[in-house]
1. Which whole-Hz ³J(HN,Hα) couplings does segment B:14-29 yield from phi under the Karplus relation 6.51 cos²θ - 1.76 cosθ + 1.60, θ = phi - 60°, glycine and proline marked x?
2. Between the label point of residue A:312 and that of the same position in each other copy, find the distances and list them shortest first in nm, with every label point placed 7 Å from Cα along the Cα-to-C-beta direction.
3. Quantify how strongly other chains surround peptide A:124-134 by giving the mean number of their Cβ atoms within 10 Å of each of its Cβ atoms.
4. Determine the dipole magnitude for segment B:236-308: charges of +1 sit on the beta-carbon of Lys and Arg, -1 on that of Asp and Glu, nothing else is charged, the reference point is the Cα centre, and the result goes in debye to the nearest 20.
5. Could you grab the relative contact order for chain A? Cα pairs under 8 Å, six or more apart, rounded to a whole percent.
6. Sorted by mean Cβ packing within 10 Å, highest first, what order do the peptides B:75-88, A:619-632 take?
7. Looking at chain B only, what percent of DSSP beta bridges run antiparallel? Nearest 5 please.
8. Just how many % of Cα pairs in segment A:525-627 lie over 15 Å apart, if you round to the nearest whole percent?
There are 2 protein chains.
Amino acid sequence: MADCLVTFQPDDKNVNVEIGETILNAAVKADVFINSVCGGLGKCGKCKVQVKGDVSSRDSELLSKEDKENNLVLACESAVMGDIEVFIPEISRAAKHQILVKSKEIDLKMLTPLTRKYRLALPVPSLEDNLSDLERIKKSLADEKIENPKISLTLLRNCAKILRDNLWDVSATVAEEDGRNEIIYIGPKDAVKKHFGLAIDIGTTTVVVSLIDLNSGEIITSQSNYNKQIVCGEDVLARINYAEEEEGGLARLNKLIVETINFLIEKLTLDDEVCRRGIEYGTCKDEITGIVTAGNTTMSHLFLSLDPEHIRLEPYIPTASLIPTIKARDLNLEINPEAVVYCMPCRASYVGGDITADILASGMSKKEELSLLIDVGTNGEAVIGNKDWLASCSCSAGPAFEGGEVQHGMRASFGAIEKVALTVIPELSGEGKDIKVFYKTIGDIKPKGICGSGLIDLLAELFTHGIIDKGGNINDIASPRIRHGDEGKEFVVAWAEETSLGRDMIAVRRDDGEIEMKEAAGKDIIITEADIKNIIRTKGAVYASCSVLLKSMNYKFDDLKKIYIAGGFGNYIDLKKAILLGLFPDVPLDKYEFIGNGSLGGARLALLSRDAREEAQRIYKMMTYIELSVNNMFYNEFTSALFLPHTDMKLFPSVAEVLGEAQE
Amino acid sequence: MADCLVTFQPDDKNVNVEIGETILNAAVKADVFINSVCGGLGKCGKCKVQVKGDVSSRDSELLSKEDKENNLVLACESAVMGDIEVFIPEISRAAKHQILVKSKEIDLKMLTPLTRKYRLALPVPSLEDNLSDLERIKKSLADEKIENPKISLTLLRNCAKILRDNLWDVSATVAEEDGRNEIIYIGPKDAVKKHFGLAIDIGTTTVVVSLIDLNSGEIITSQSNYNKQIVCGEDVLARINYAEEEEGGLARLNKLIVETINFLIEKLTLDDEVCRRGIEYGTCKDEITGIVTAGNTTMSHLFLSLDPEHIRLEPYIPTASLIPTIKARDLNLEINPEAVVYCMPCRASYVGGDITADILASGMSKKEELSLLIDVGTNGEAVIGNKDWLASCSCSAGPAFEGGEVQHGMRASFGAIEKVALTVIPELSGEGKDIKVFYKTIGDIKPKGICGSGLIDLLAELFTHGIIDKGGNINDIASPRIRHGDEGKEFVVAWAEETSLGRDMIAVRRDDGEIEMKEAAGKDIIITEADIKNIIRTKGAVYASCSVLLKSMNYKFDDLKKIYIAGGFGNYIDLKKAILLGLFPDVPLDKYEFIGNGSLGGARLALLSRDAREEAQRIYKMMTYIELSVNNMFYNEFTSALFLPHTDMKLFPSVAEVLGEAQE
């Protein structure tokens, strides 16, 4: 088969692919990200690219006349036919985004990590002391209260040589599962100081890996990147569909997540901090002997190559929830092949290991007081309870706060508007109201879109300034920023000249037929009425699920002593504004606590503490799950929550006050 | 690479090999056995074959002038250079031999096999009962008191489909190790009746596999064959040398034993008895979920691909003695890949899992009374003790009783003389004494050699008739049967015209240059003085090790309540004669008990009974090992035992009586 060279710009990355492969696939291979909400089905139109060279593209109604004039094609609908150069416009590029690694500081009373390391100064064998190599190791470990450990055949095969090469003075790494110990590594004696583990947050969108010193509990360094599976669809349902409908779909999804993690491990072990500590690259990989992952149920299944089909179909049954400990070897992870991988238990198909980890990180399952935990992502999950009981539910919140379903929405990456404030100057002669928009972008660069926290600010400001009504409709106010666009009424957040949106280097054909690179003109960043309705649906679903959860358990929001907000989304938002919109319940602000990336924090806890691992199992066992998809109460609550903040203002007294409405 | 077709006669088996491969290797590939004591090093001269076609042979002093005239070459020193036909003379052929499968009947109070099978009629999941597939299985198993079992990722990956294909009515097979359960197979519900295991005796020479019904404990059928490793050397030291000195030696030895076992499994599962019971071939393999193997320490290491190097070197340390349970998958055994393989614990480098199995089969470790166990093979092992203690030792007895080190010695195969009686007619005019030799062969065909039990009979008869003296020297008696041969004095056991020895079809070149097949003349079967000395050394080593073992523990042979004789060798010998020669101690015959193939019997016990598996571990722990190779007492005892029956006739009062000697 002839290979074609594909060069991606502006990254300037090359990859060889076979004739007929899609540009989208080529991008995955080249480690270049192109947006693809639909997972390469040609349905979302997010993967527009400009091509120089021979491609065969299917026509699409998602391409405007202007797109076609500019040689734009859909990356998923275009086959590479020869050597080509591909220009990825900013809008199609999945930007490097701000990733929240910091977790709520965890309290480690005692370090009881997933794997422990012991120095074994073994007696040298003699005719009088003729124990076998394995029994000699076991006898020495028995002094450390490690009784009758198992060992894999692979490791046993290397034992004789390792012991003799190291003159019987070695280190042994032992893993424990359900009280049963296993020797998973035997190395030089000085390796006792080098003892590492990984905490991994396997997000649908983003994967974060932290390298942890298992001797001290310290996070040495972290790395994160997009989940390479994005090319197969943005949300879990798209991924499950991909696994079902594409030939070899499951295998490919599994390969992509494993590649993502291996890529991050490679980056971690080459990290400056690792080098500074004098840990050699190879040693570091060998000495990584324990992993804890936290991911939603679908991500956990795909990571383990378990068929996710039944997660999607009623009655929504996962293959495994309390996942047995697995060897790194069986998952093709490029660390010590005997390393043990512990996956956070998944309570149900839509309340996964990420939520178990959130609960662990929040500590709510160990407290007397009643708490609520809210994790807002593409799915919104809520958990209520205390040390004696837990109840959970999940709703398909939609990706509005993560850049989906909103025309100029984007993830929290560089160039995203993350804070917004409005000032309205009442009358401007002849031109209507002068609405000034103040915003701050991540990285303080020109804006190219709006991320979740920016959208909350924006909606709250539009609402308090009377620009939108309770139903999310844009009021008829005379102002240059309010206009009718292709998709109905819209509000201009930033004018074209201020933005970097659309300001890509693009190839245009000159009169002489040659192709020339030119900066395109910027575009206005807007929010449409349709966008606003989508955001309201998302916030309504989150609020309604919390509300149903409490009612099912016969509690009111006032009964809550604490509300934990988890997820990368959670740390940047303005609580007051989120309450004002009716996203979160109207309770005193000091009851709220942000726990940051609880998924990663909980994974780290479980990696370091046996108590936390046991608690994770206990959480699984005591948590009930309420299925909202067939719940009438949820439908009613959801409908009532499709207003700003809510149809029942009694539920939002502080908002009523702000809006100057009398509380009935 | 050009392939050469090699045809072996008289088997008429073909195999294609590459140019340059040795005939010995080609024979292994064709499943044709050629003797090779030295393991293909060109040192033993046992692999003489006759070749028609193009071979390149190294010259050898082991080939006589006559051999060369008959186109005989050493199979290990001859490279195949084209299509050839190879005639294997009877003497070079490892004959199909009588294999002792029967074991001492075992007492199974309760069937607690290595793997157990349960029918699980699972509740069909619903929105109200949304347990994951795995938790659903676990919950159902908990009703059977199987708590929190493990499961492999491979099996878990198939779970969803199996459960749904079988409409939630399935069978689950569970293995237990050290109190921890693991689900190893999920199949259709009716598979509950089909539940099999294998007991395997991995002998240095012979491998026996029994297919056991784990529901009833019954032996369905057994198969045995030579250990294919024979081509790499006949005894354990030759095998260890091969592993060390040949490139890829260990891998090859492992491959050969695995091939031997897989070949036997294939034969078992295609067996008439299996077919008669309506067990389908594929099903049968899937439903084999438990294996127990018993082998000496070297065989166990090679089976697991553990480096045997340190078994050979002082202080003789094996890599593993209490061998962890292993999956069939990791050993390339062609049965259910998740099947568990339990290897009998090996006490020391030269007291292996075969001896642990012998002890189990004898039951001596559970009795109050003092017993001795003797296993005579290439190595002789002896164990003394009772329910509270055990002591063991091992000596390199030599292969005299297995056909080695004796010119016309052979294994207990068809054509082997297994019983001998002499009548001496005092005076024959002019020709000396007329010694009549009565013998019986295995299969009642013409004799071609003498096996162990025949040698014991023969020596005892020669001794009691005064033909040999206490030192094993042949007395100067005028008789046609006593003569001087190439290797000194010899006794003719059977005349050429009675034997099939040497009576092969051989290819001879006719005057016209063509090659013609012709039956060779028969040969006398003889025993030489050198042969007799070798046998005496073997019996002396066995007796001396028993003697040292008893003395070390401050016991006398009279203190023994029971003597167990194990090993295929054991069932056919005449005890009185063995005592007469001083091989076994002179105690009342009713104290002796033959336990047959104790290795296989013990393996079956462990396969069927948890108590036996625990007892095997207890035997390992309580048994001490006495190293004879550095033991002065052994040397003295050995020297004293190099007479018939012994230098100290007080130890053999019944023999003294027979011989008419006064007891001092």
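None of the figures in this text is laboratory data; all of them are computed from the coordinates on show. Predicted model only: the values in this text are computed from it and were never measured. Cβ coordinates were reconstructed from backbone atoms using ideal geometry, including for glycine residues, and neighbour counts include every protein chain displayed.
1. Result, rounded to whole Hz: 10, 8, 9, 10, 7, 4, x, 6, 6, 5, 4, 5, 4, 5, 4, 5.
2. 5.9
3. Per residue, the average neighbour count from other chains is 6.
4. Here segment B:236-308 has a charge dipole of around 160 debye.
5. That works out to 13 percent.
6. The peptides rank, most packed first, as B:75-88, A:619-632.
7. 70
8. That tail contains 73 percent of the Cα-Cα pairs.
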